[in-house]
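Following: one structure in structure tokens, then a few remarks.
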Amino acid sequence: MSQRETDSLGGENKKGAQAVRRSAINMLAQREHSSQELRRKLGSKGFDDADVDEALAGLRQDRLQSDERFIESLVRSRIGKGCGPLRIQAELRERGIAEELIAQAMDVDAGAWRERIEEVRRKRFGVARPGDMNERARQMRFLQYRGFTTEQIRSAMRRAGDDVSD
């Protein structure tokens, strides 16, 4: 291969990495993404893995992509939608977030979750306590679906004035 051909290939690689970076920045302009999400999306667009890795490293270095910022954004959003810790943790795992980062993000005061579950229950069912076992079970299933732990649910049901024994 001649020098000219080699230079031409180097230029194509540079263009490929620039195209990957542009595409990633466009995605990040819409919302925060984890590095795994970006890697998957860029790969599905047909970009070369080496170009994707190079672009992601540059984005992290320039602080345009941050898994920590993504976690903060997702956790805040899901808490605002009434999701509990189990559901949020599962979603973070699906997005390729490392377990230690998940543990740090979910290290929230138990009182904050207690307030949140009570607010979610009140918003859906009102302040009145469950009238019978069927209603109690329905409320518990709803809270479980939202991702709250069994202990958090039982505690919330007791605080709601439910004197039915566990």
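Key figures for this structure:
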item	result
Given (1) part of a helix (DSSP H, G or I); (2) at pLDDT below 95; (3) over 20 Å from Leu101 (Cα atoms), index of the condition Phe47 fails	(1)
Helices (runs of 4 or more DSSP H) fully within segment 61-166 counting 2 or more residues that are basic (Lys, Arg) and either touching a Pro at 6+ places or on another chain (Cβ under 6 Å) or closer than 30 Å to Leu38 by Cβ (or both)	67-80, 85-94
Count of residues meeting criterion [free of Cβ contacts under 8 Å to residues at least 40 places away in the same chain, of a type in the set (A, V, I, L, M) and crowded, with 16+ Cβ neighbours inside 10 Å] in segment 93-129	4
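The values are calculated or read from the model by the stated rules, or taken from the named source; none is laboratory data. Not measured: the values here are computed from a predicted model. A quick note on method: Cβ atoms are made from the backbone with ideal geometry, for glycine too, and the neighbour counts reach across all protein chains shown.
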